[in-house]
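This report refers to the structure that appears directly beneath it.
No value in this document is a laboratory result; all are computed from the given coordinates. Here the structure is a predicted model, which is why all the values come from computation and not from measurement. Don't worry about glycine lacking a Cβ; one is built from the backbone with ideal geometry, like all the others, and counts go over all protein chains shown.
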């Protein structure tokens, strides 16, 4: 299983869920609600690290 590293520019759904310590279902609901921006490339969802961390910190 891939481990999320802070120096990465983007996170996958699984990495973002691990960083936020939430389930994939909770992360998917946040994506649907537009809590933070993401990019979809084919079937892959990539979440920019900076935007994700700002959303987690409430900035």
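Listed values, structure above:
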quantity	calculated
Estimated inter-spin distance, residue 24 and residue 43, nm [label 7 Å along Cα→Cβ]	1.1 nm
Relative packing of peptides 25-33, 11-19 - highest average C-beta neighbours within 10 Å first	11-19, 25-33
CD proxy at 222 nm, helix term only [per DSSP H run n ≥ 4: -39500 (n - 2.57); per residue of the chain; nearest 500]	-13000 deg cm²/dmol
